[in-house]
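Okay, so here's the structure we're looking at.
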Ligand code: NAD
């Protein structure tokens, strides 16, 4: 039997949420969107607005739940939510995109439990339109009090802090540790920068054009300038260019996925020659591969612990903090959470991801116990 959207919301209901699933439709502008507010026991939810042609209410719920855990794991006074707009950002001109985003924001103006942020297909300009319509959004342009998290490398800083703590748990020294970064974009290039400032050596990096490899070390500042000038890594003349998937085979101590989900699975996990993985991308390693790595003694710091720099920065922006205070908060929170998770994983002899989920769930449940109702 075909399930309708009206039945679907309760099919994801469990003890944590979701509190609300709202379908928004406005035919005059071709607007179809969904908002899922998962759990707001800790505070109003923050989560990105994704614009894509193939989104669904189910995907929106999974992303909202991931935000509940991410915000709780980061110790932020925010719950998890997410919104999706059914549209192809590549096929939608600027004027229509603005119409859709403004209409969606207007329809959700009274949903004070949800604060919009940027995600795939939306950016700081979209957040400025939303702020203009309803007065609340994060990830705003600098002119509106925003902290440009990709420009300052908020998530990359968090990855470097997670690495600082994690090396102690695998008998490594960050000084001279060899690092490979898959995906030299907003997250990856800043992770490489902050790690090289801490003495590590970038020996491999890739973008969608190919992989660079230099066992004696790549010049991180020069590579970032090369990328920022609009070039691809394969146009870099001073290192060997290898195929896209060659990052998997490069000998290193720290391997950082910062591109796509599911890049490490059971079929390729054996190729990795590393001691530590710091997950920059969301769900870059499948569950089965993560378990195999654990059994081989490779430590893997889960995405929602290691890459929380972006959400911490967004929450600090929402609280009216300065850029310097946001960076300090990222350092403190990511270090403390990585330490908590690794300690718990060692004590309970479980995977860091299991320890991280336990930590996040216990924080959400503790917040729920303080409320008259539970998820709100
Ligand atoms: P980005 O688009 O700036 O960078 C992604 C980079 O990956 C690009 O250089 C691209 O060329 C490269 N790439 C794409 N496919 C590749 C492949 N198959 N092999 C190697 N490189 C490939 O994106 P970003 O903002 O840096 O985000 C990267 C990942 O981190 C995404 O999964 C994102 O969801 C996640 N993430 C981002 C943030 C953030 O603050 N931007 C926070 C948390 C998680």
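Whole number please: convex hull volume per residue of the Cα set in the range 221-286, in Å³?
109 Å³
Could you tell me what percent of the DSSP beta bridges with both partners in the range 1-143 are antiparallel, to the nearest 5?
55 percent
Order of 92, 370 from fewest to most other C-beta atoms within 10 Å?
Ordered from fewest to most neighbouring Cβ atoms within 10 Å, 92, 370 come out as 370, 92.
Can you give the extra length, in nm with one decimal, that the chain gains between residue 170 and residue 335 once fully stretched, where that is 0.36 nm per residue apart less the Cα-Cα distance?
57.8 nm
Looking at the square roots a ≥ b ≥ c of the eigenvalues of the Cα gyration tensor of the range 149-217, which shape do they give, rounded for a/c under 1.5, prolate if a/b is larger than b/c, or oblate?
Oblate, because a/c is 1.5 or more while a/b does not exceed b/c.
Take the alpha carbon atoms of the range 232-303, find their center, do the same for the range 340-376, and report the distance between the two centers in whole angstrom.
27 Å
What ranking do 107-114, 249-256 get when scored by the average of other Cβ atoms within 10 Å per residue, highest first?
249-256, 107-114
Report, as a whole number in µm² per second, the diffusion coefficient that Stokes-Einstein gives for the chain at 25 °C and 0.890 mPa s using the Kirkwood radius over alpha carbon pairs.
Estimated diffusion coefficient is 115 µm²/s.
Using a/c under 1.5 as the rounded threshold, could you call the range 124-263 rounded, prolate or oblate? The axes a ≥ b ≥ c are square roots of the C-alpha gyration tensor eigenvalues, and prolate needs a/b larger than b/c, oblate otherwise.
The shape class here is prolate.
I'd like the orientation of helix 352-369 relative to the chain: the angle between its Cα long axis and the longest Cα principal axis, in ° from 0 to 90, rounded to 10.
30 degrees
Taking every DSSP beta bridge with both residues inside the chain, roughly what % is antiparallel (nearest 5)?
45 percent
Need the full-extension length gain, residue 22 to residue 109, defined as separation in residues times 0.36 nm minus the C-alpha distance. One decimal, nm.
30.1 nm is the gain from fully extending residue 22 to residue 109.
For an R0 of 25 angstrom, estimate the FRET efficiency from the Cβ-Cβ distance between residue 62 and residue 270 and round to the nearest 0.05.
Between residue 62 and residue 270 the formula returns 0.30.
Would you mind checking the tilt of helix 186-197 against the longest principal axis of the Cα atoms of the chain, expressed as 0 to 90 degrees and rounded to 10?
Roughly 40 degrees between the two axes.
For residue 349, project a label point 7 Å along Cα to C-beta. Then give me every residue of the range 279-312 with its amide nitrogen under 19 Å of that point.
291-300
For the ranges 11-19, 274-282, what's the packing order if you count other beta-carbon atoms within 10 Å of each residue, average per peptide, and put the highest first?
For the peptides 11-19, 274-282, the packing ranking is 274-282, 11-19.
Normalised by the residues of the chain, what does the relative contact order come to in percent, with Cα pairs under 8 Å and at least six apart?
16 percent
Counting only helical runs of four or more DSSP H residues, what would the 222 nm mean residue ellipticity of the chain come to if each run contributes -39,500 (n - 2.57) and the total is spread over all its residues?
-12500 deg cm²/dmol
Could you work out how far helix 309-318 tilts from the main Cα principal axis of the chain, as a 0 to 90 degree angle to the nearest 10?
For 309-318 against the chain, the angle is about 40 degrees.
Most fluctuating residue of 120, 67, 51 in a GNM of the chain with Cα springs under 10 Å: which is it?
The residue that fluctuates most here is 120.
Place a point 7 Å from the Cα of residue 209 along the Cα-to-Cβ direction; which residues of the range 130-164 have their backbone N under 13 Å from it?
None, by backbone N distance to the label point.
Under the rule a/c < 1.5 gives rounded, and otherwise a/b versus b/c splits prolate from oblate, where does the range 110-160 land using the Cα gyration tensor?
It comes out prolate by the Cα gyration axes.
Read the figures in this text as sums done on the coordinates, not as results from a lab. All figures in this text were calculated on a predicted structure; none of them were measured in a lab. Please note: Cβ atoms are built from the backbone with ideal geometry, for glycine as well, and neighbour counts cover all protein chains shown.
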